[in-house]
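Structure, as structure tokens:
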Amino acid sequence: MNLSRRLFPALLASLCCTISWAGSHSNGGTVLVIGATGETGKLVVARLVDEGYTVKAFVRDAVKGRKTLGKKVSLVTGDVTIPATIEPAFNGIDYVISAVGATAASGNNRPEKVDYEGVKHLADAAAAAGVKHFVLVSSMGVTHEDHQLNRFFGKVLIWKAQGEQALRDSGVPYTIVRPGGLINEPGGNLRVVAIQGDPLMDNARIPRADVAQVCIEALKSPAAQNKTLEVFTEEGESVSDWNGFFAALEPDGT
Ligand SMILES: NC(=O)c1ccc[n+]([C@@H]2O[C@H](COP(=O)([O-])OP(=O)(O)OC[C@H]3O[C@@H](n4cnc5c(N)ncnc54)[C@H](OP(=O)(O)O)[C@@H]3O)[C@@H](O)[C@H]2O)c1
């Protein structure tokens with residue numbers, strides 16, 4: 001969990017303007033990536049660009065966004081805790097991938113404000129904009145209220161669970177991806193395993209690059225819609241049939 005506190009200019013955060021449009025046209029559609037400057041979000045952006053999607057990156061700090069993401073994506077500045085900065089970002093958006101996460105245990109950017117209220121604002125905006133599919137990176141353990149992370153980091157898992165539910169309730173087709181512990185290793189070298197039911201798995205790990213791939217494969221697979229899955233990696237061959245990967249899972253509410 002990234003515990004660092006990052007300040008950003010209030011004026012910039014209160015504006016929501018497209019900084020530049022450098023995205024390429026593709027058949028894949030336009031994807032709004034939230035948390036695009038984060039460790040997972042930047043891998044999502046890079047992979048989407050490689051696959052020919054048009055990417056709009058939602059960032060708090062345009063300078064950081066350009067430095068982190070390069071010139072191949074357009075940037076839109078905003079803050080998920082400020083609804084007025086969200087709605088304009090959804091113009092022309094087909095898909096959303098959110099890897100946003102609170103950066104502080106308390107204060108204005110605590111989990112309640114980001115992982116619950118912020119995600120709810122995003123889900124509401126996605127519904128209003130008619131988004132076709134919203135992929136949310138959540139976390140393993142969100143159904144365990146006594147999980148130690150809730151004590152150490154502003155009840156983060158409890159608020160993430162409520163953010164998940166806001167997305168389910170929005171009516172937008174969704175996939176909720178709950179990774180185990182995130183690691184910065186190359187992706188594609190291990191088998192990605194998906195399970196459901198949120199069992200406690202303290203040793204489950206997954207490279208952020210594999211999480212990024214799961215999110216993008218979910219956009220392409222109708223079988224991923226309206227499902228919640230926990231993901232981790234283990235020794236074995238990487239997944240080749242992503243539609244089968246998602247089709248093996250139960251939809252929520254069944
Ligand atoms: N760390 C783990 O082991 C672990 C395990 C399971 C799940 N997760 C979850 O997986 C997701 C990705 O994790 P990560 O470690 O890759 O993320 P990260 O590096 O901490 O990035 C978080 C991103 O969220 C953005 N953000 C924070 N507050 C925001 C706000 N108010 N408005 C707009 N953007 C905001 C940050 O922007 P700035 O760059 O401006 O700060 C950053 O781009 C998170 O939801 C995390 O909770 C993490």
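The values are calculated or read from the model by the stated rules, or taken from the named source; none is laboratory data. Being a predicted model, the structure only gives us computed values, none of them experimental. Using ideal geometry, Cβ is built from the backbone for each residue, glycine included, and neighbour counts are taken over all protein chains shown.
Kindly indicate whether Val211 is touching a residue at least 60 places away in the same chain (Cβ under 8 Å), in contact with a strand residue (DSSP E or B) (Cβ under 7 Å, 6 or more places away or on another chain) and not in a loop (DSSP other than H, G, I, E, B). Quick ask: steps written out before the conclusion?
Working: touching a residue at least 60 places away in the same chain (Cβ under 8 Å): yes; in contact with a strand residue (DSSP E or B) (Cβ under 7 Å, 6 or more places away or on another chain): yes; not in a loop (DSSP other than H, G, I, E, B): yes.
The answer is yes for Val211.
With Thr143, Thr81 as the choices, which residue is of a type in the set (Val, Ile, Thr), within 13 Å of the ligand (Cβ to nearest atom) and modelled with pLDDT of 95 or more?
Details: Thr143 fails: within 13 Å of the ligand (Cβ to nearest atom).
Testing whether each residue is of a type in the set (Val, Ile, Thr), within 13 Å of the ligand (Cβ to nearest atom) and modelled with pLDDT of 95 or more leaves just Thr81.
Name the residue, out of Gly188, Gly154, that is surrounded by fewer than 21 Cβ atoms within 10 Å (Cβ to Cβ) and over 15 Å from Val137 (Cα atoms).
Answer to the selection: Gly188.
Going through Lys120, Lys160, Lys155, Lys113 one at a time, which residue ends up being more than 21 Å from Pro83 (Cβ to Cβ) and either among the charged types (D, E, K, R) or away from the ligand (no atom under 12 Å from the Cβ) (or both)?
Being more than 21 Å from Pro83 (Cβ to Cβ) and either among the charged types (D, E, K, R) or away from the ligand (no atom under 12 Å from the Cβ) (or both) holds for just one of Lys120, Lys160, Lys155, Lys113, which is Lys155.
Taking the options Val55, Val63, name whichever one is β-branched (Val, Ile, Thr) and either closer than 23 Å to Val214 by Cα or in contact with a Gly (Cβ under 9 Å, 6 or more places away or on another chain) (or both).
Selected residue: Val55, the only one of Val55, Val63 that is β-branched (Val, Ile, Thr) and either closer than 23 Å to Val214 by Cα or in contact with a Gly (Cβ under 9 Å, 6 or more places away or on another chain) (or both).
Run Val135 past the list (1) over 15 Å from the mean Cα position of the chain (by Cα); (2) among the β-branched types (Val, Ile, Thr); (3) away from the ligand (no atom under 11 Å from the Cβ) and report the number of the one that doesn't hold.
(1)
Is it true that Val239 is part of a loop (DSSP other than H, G, I, E, B) and either within 16 Å of the ligand (Cβ to nearest atom) or at pLDDT 95 or above (or both)? Reasoning before the result, please.
Working: part of a loop (DSSP other than H, G, I, E, B): yes; either within 16 Å of the ligand (Cβ to nearest atom) or at pLDDT 95 or above (or both): yes.
So Val239 fits the description; yes.
Matching residues to (1) farther than 17 Å from Val100 by Cα; (2) surrounded by 15 or more Cβ atoms within 10 Å (Cβ to Cβ):
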residue: Gln148; (1), (2): yes, no
residue: Arg178; (1), (2): no, yes
residue: Leu219; (1), (2): yes, yes
residue: Gly244; (1), (2): yes, no
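Given the options Ala127, Ala99, name the one that is under 24 Å from Thr54 (Cα atoms), among the small types (Gly, Ala, Ser) and more than 9 Å from the ligand (Cβ to nearest atom).
None of the other options fit; the residue is Ala127.
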